[in-house]
Structure formats: structure tokens, C-alpha cells
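The values are calculated or read from the model by the stated rules, or taken from the named source; none is laboratory data. For clarity, every value in this text was computed on a predicted model and none was experimentally measured. Here Cβ is always computed from backbone atoms with ideal geometry, including for glycine, and neighbour counts include all displayed protein chains. The accessibility values were calculated without ligands, DNA or RNA, using every heavy atom of the protein model including side chains. Shrake-Rupley method; radii C 1.70, N 1.55, O 1.52, S 1.80 Å.
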Amino acid sequence: MTELPAGQRNAIGVTLGLLGDEWALLILREALLGASRFVDWRSRLPISNAVLTARLARLTESGLFVRGNGYRLTERGADVWSILLSIWAWEDRWVAAHVERLPVRVHRLCGKPFDPVLVCSACDGTVLAIDHTLAGGFGPSGSWERSVPAATTRRRSGDSADAGFFPETAALIGNRWSAALVGAAFQGVHRFSDFQRCLNAPPTMVADRIRTLCSLGVLGDDYRLTAKGLAFFPVVMCLVGWAQRWFRAAEGPALVHRHLPCDSAFVAALDCSSCGDRLARKDVVPTS
């Protein structure tokens with residue numbers, strides 16, 4: 001775990017700044033599928049040498065890769081699998097436009113296609129955004145200001161007709177204000193004035209981000225999360241879990257939650273929708 005200095009960006013802000021970038025997610029995805037050399041990523045992704053070099057350097061500096069004979073995922077880097085799996089399932093279910101066909105997810109242990117189901121790691125109870133089984137909020141290092149990444153993260157460039165590999169996930173977490181607004185919405189904020197207060201952002205910026213999320217169908221006309229928006233919850237909770245396992249502020253966690261049915265500190269886990277068993281990285285098989 002990396003301890004973050006007191007009073008600076010917390011685990012959420014650091015993680016969004018690192019993973020709220022489509023190229024970073026794609027590089028990690030390919031690493032989990034076996035890429036380890038510069039030429040591997042260049043052959044699999046439409047990425048320039050300069051961009052790939054910069055992203056690999058940043059991910060290595062942040063402890064997700066180590067250099068040796070190529071690039072090897074660390075435990076921290078490999079642990080992003082649950083975030084990527086949740087993104088994969090959400091994009092597959094809710095986003096029609098992709099420049100690549102998403103493969104089918106098969107659970108090796110039961111041999112069946114599956115969706116990942118968000119559960120409490122302590123009791124294995126299913127957790128939904130709308131079932132009110134989680135209680136909590138900001139922890140000792142938590143605040144809106146500290147949870148926003150330091151700078152706007154970047155989507156990869158390309159032709160306007162190119163929807164991207166993670167087109168809508170990048171729109172939700174690849175912009176500092178979009179990510180903060182999504183987080184606020186999951187905490188029950190739905191009025192324009194409350195969004196502006198929480199984000200401490202200019203009204204024009206808040207209005208622009210709300211328009212974007214409404215156009216994607218994540219927020220409705222009343223600025224509340226739609227079914228599509230609520231379905232993004234596993235991505236959010238897996239990202240929060242990863243952030244707090246690997247980056248923690250000196251004062252303590254940014255967010256704290258308890259799972260009320262078992263009265264345990266909530267740690268996100270994923271189960272197979274077909275057999276109900278706990279998912280592990282090595283048991284998730286993509287197939288055409």
C-alpha cells in the first residue's frame with residue numbers, strides 16, 4: 001500500500017487520476033491478457049509510441065508494473081481485474097456502440113457465460129445501489145475536494161465516429177467533474193444547487209457535465225440516476241475498493257461503509273451469476 005500525505009488527494013482522487021484514462025485501462029486489460037512487451041501493446045492497440053511510453057512510465061511509477069524483461073504486472077496492477085470485469089459487463093449490457101465486439105464472459109469453474117454480481121465479501125449477500133443495505137460515507141480523509149483528481153484525465157483521440165473501446169465508461173470517470181458528479185449522484189444528490197455545492201465547480205461546468213450524463217442516459221430529467229446509471233454501481237464500488245487497498249491517506253480511508261445485514265465493514269467482491277461462486281481473476285475466460 002502507498003500512504004498518501006495528509007491533506008492532499010485521497011485514495012479516490014489518486015485512483016481517478018490514474019485509471020480515469022482509457023489508454024491506461026486498455027494497457028492494463030492487455031497486460032491481464034498476456035501483453036508484457038512494448039511490441040505486444042503496439043500490435044494489439046491503435047496507440048502511438050509516445051503515448052504508450054508515457055502511460056507505461058506512469059503506471060510503472062505508480063506501482064502497477066515493474067520493469068525487467070519487459071513489463072510485469074505487480075499484485076497492485078493485477079488487482080484491477082475486478083474493475084475491468086465490471087466495466088466489461090456494464091458496457092456489454094448498456095452500451096451499443098463499440099469499435100470492437102466484446103467477447104462473452106465464461107466462468108471456468110462452471111463453464112457457463114455469466115455476469116459479475118456485486119456482493120459483500122463477509123456474508124456473500126448481493127448488494128445493489130438501490131437496496132439501502134450499505135451505510136456510511138466519507139471517512140477520515142474523505143471530502144469532495146480531496147476526492148476529485150488533480151487534473152482532467154484524457155480520453156484517447158481519434159476520429160469523431162470512433163466510439164472508443166470503453167466509450168461511456170471513459171465519459172463517466174475520464175473527466176474529473178463527471179467522476180465527481182457520478183459519485184455525488186450515488187450519495188443521493190440530485191439538485192443542481194447541491195451538485196454545485198458538493199463539487200465546488202462553476203455553474204457552467206456543472207451544467208455541462210449534467211448534460212453529458214443525461215445524454216448518455218445515466219441521469220434522468222430529474223437528475224437522478226436511471227437504471228443504466230444505477231447499474232454502474234459495481235464499477236464504482238470495485239474502483240473504491242481497489243483505491244483503498246493500494247492508496248490510503250495518512251488520516252485513514254476516504255470512504256467507509258458497513259453492510260447492514262451482516263454488520264460488517266463492506267468490502268466489494270464479485271460472484272458468478274450462473275453458479276454463485278466467488279469469481280477469481282484466473283477463472284474469468286473471454287471467448288468469442
Prolate/oblate/rounded call for the range 80-131, Cα gyration tensor, a/c under 1.5 rounded
oblate
With a 1.4 Å probe and all protein chains left in place, how much accessible area per residue does the chain have, in Å²?
46 Å²
Given axes a ≥ b ≥ c from the Cα gyration tensor, I'd like to know whether the range 1-86 is rounded (a/c under 1.5), prolate (a/b larger than b/c) or oblate.
prolate
Residues whose modelled amide H sits under 5 Å from the amide H of SER274, counting only those 5 or more places away in sequence or on another chain, are ASP115
When the Karplus curve 6.51 cos²θ - 1.76 cosθ + 1.60 is applied with θ = phi - 60°, which whole-Hz ³J(HN,Hα) does each residue of the range 3-9 get, with x for Gly and Pro?
8, 8, x, 4, x, 9, 3
Taking 7 Å along the Cα-to-C-beta vector as the label spot, tell me the ALA150-GLU251 distance in nanometres, rounded to one decimal.
1.8 nm
How much accessible surface area, in Å² rounded to 10, belongs to the heavy atoms of HIS98 with a 1.4 Å probe?
50 Å²
Efficiency of FRET from Cβ geometry, SER43 and LEU128, R₀ 41 Å, rounded to 0.05:
0.55
Beta bridge orientation in the chain: antiparallel %, DSSP, nearest 5
90 percent
Work out how much length VAL285 to ALA96 would gain on full extension: take 0.36 nm times their residue separation and subtract the Cα-Cα distance, in nm to one decimal.
65.8 nm
Two pseudo-spin positions, 7 Å from Cα along C-beta at PHE186 and at ASP208, lie apart in nanometres by 2.4 nm
The range 31-154 - percent of accessible surface contributed by carbon and sulfur, probe 1.4 Å
53 percent
Quick check on packing: order 135-142, 252-259 by the mean number of other C-beta atoms within 10 Å, highest mean leading.
252-259, 135-142
Which of the following values of Cα extents along the principal axes in Å was calculated from the structure shown: (i) 49, 42, 40; (ii) 75, 58, 46; (iii) 58, 49, 41?
(i)
Listed residues GLU75, GLU22, GLU251 arranged by accessible area, highest first, probe 1.4 Å
GLU75, GLU251, GLU22
Run the numbers for GLU3 and ARG72: contour at 0.36 nm per residue of separation, minus the present Cα-Cα distance, in nm.
22.6 nm
Estimated distance in nm for a label pair at SER143 and VAL104, the labels positioned 7 Å out from Cα along Cα-to-Cβ
5.1 nm
